[in-house]
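A quick write-up on the structure given underneath.
Readers should treat all values here as calculations from the given coordinates under stated rules, not as data from a laboratory. All values derive from a computational prediction rather than experimental measurement. With ideal geometry, Cβ positions are generated from the backbone for all residues, glycine too; neighbour counts draw on all protein chains shown.
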Amino acid sequence: MAYMDIWMYNSRPRMKVFLCYLLIFIAFFIFSDIMIGLYIKSSFKPMQNYQVLTTTPEITVSLAESSRASGNVKGTIKNNTNENMANKYLKFDFFTERNVNVGTKYIKVDNLAPEEEKNYELGFRFSDVKSVQINFVDESEAQNATAEEFEVSPVITTTGLISGILFGFLSL
């Protein structure tokens, strides 16, 4: 009997055990991903107080939600004038429950033709935001803003969640 015959003979039970552990790991990974996703969705509360301070262009908000540390604002902007709009910005001012301004963000609106509609999406990382004011400003007002105010935080998706979990496991 050769040396390799012993290892080949014993490899079948090891492979079954390995496959069982692999299936348990995959099931745990899927379960934890679903539970973390549900927890994140439940931590976001809709913002009831949002104000659009301009009527030209028409700005609508389809989603405004916040958690203790971050949030999202999504909607559309429609040019309801007869002029082409260029070099304009959407300005978002975020406030706490006691009307303390915790931060400002800007989104550049490139060329917006008459009757054209575009979607916008803004992720922010400010604490305890309860309301937002949205305004449409010129480039001259946005020039005084810092680079941090132009930075749009990405909205957490499943891909970001999985990469965060993997990074957490690898950093241990």
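A few notes on this one:
- Packing here is the average count of other Cβ atoms within 10 Å per residue, and on that basis the peptides 131-139, 77-85, highest first, run 131-139, 77-85.
- Taking volume of the Cα convex hull per residue in Å³ as calculated from this structure, the corresponding entry among (i) 183; (ii) 113; (iii) 104 is (i).
- In sequence order, segment 73-89 has phi-based couplings of 9, 10, x, 10, 10, 10, 7, 9, 10, 9, 10, 6, 9, 9, 6, 10, 9 Hz under the Karplus curve 6.51 cos²θ - 1.76 cosθ + 1.60, θ = phi - 60°, and Gly or Pro positions carry x.
- Amide hydrogen proximity for Val109: with H placed 1.01 Å from N in the peptide plane, the residues at 5 or more positions away or on another chain lying under 5 Å are Lys88, Tyr89, Leu90.
- Considering helices alone, the calculated mean residue ellipticity of the chain at 222 nm is -12000 deg cm²/dmol, with DSSP H runs of length four and up weighted by -39500 (n - 2.57) and normalised per residue.
- Here's the list of lysines a cross-link from Lys91 could span, going by alpha-carbon distance under 17 Å and ignoring same-chain residues fewer than 8 apart: Lys74, Lys78, Lys105, Lys108, Lys118, Lys130.
- In a simple Cβ point-charge model (Lys, Arg +1; Asp, Glu -1; nothing else charged), the chain has a dipole of about 1040 debye relative to its Cα centre.
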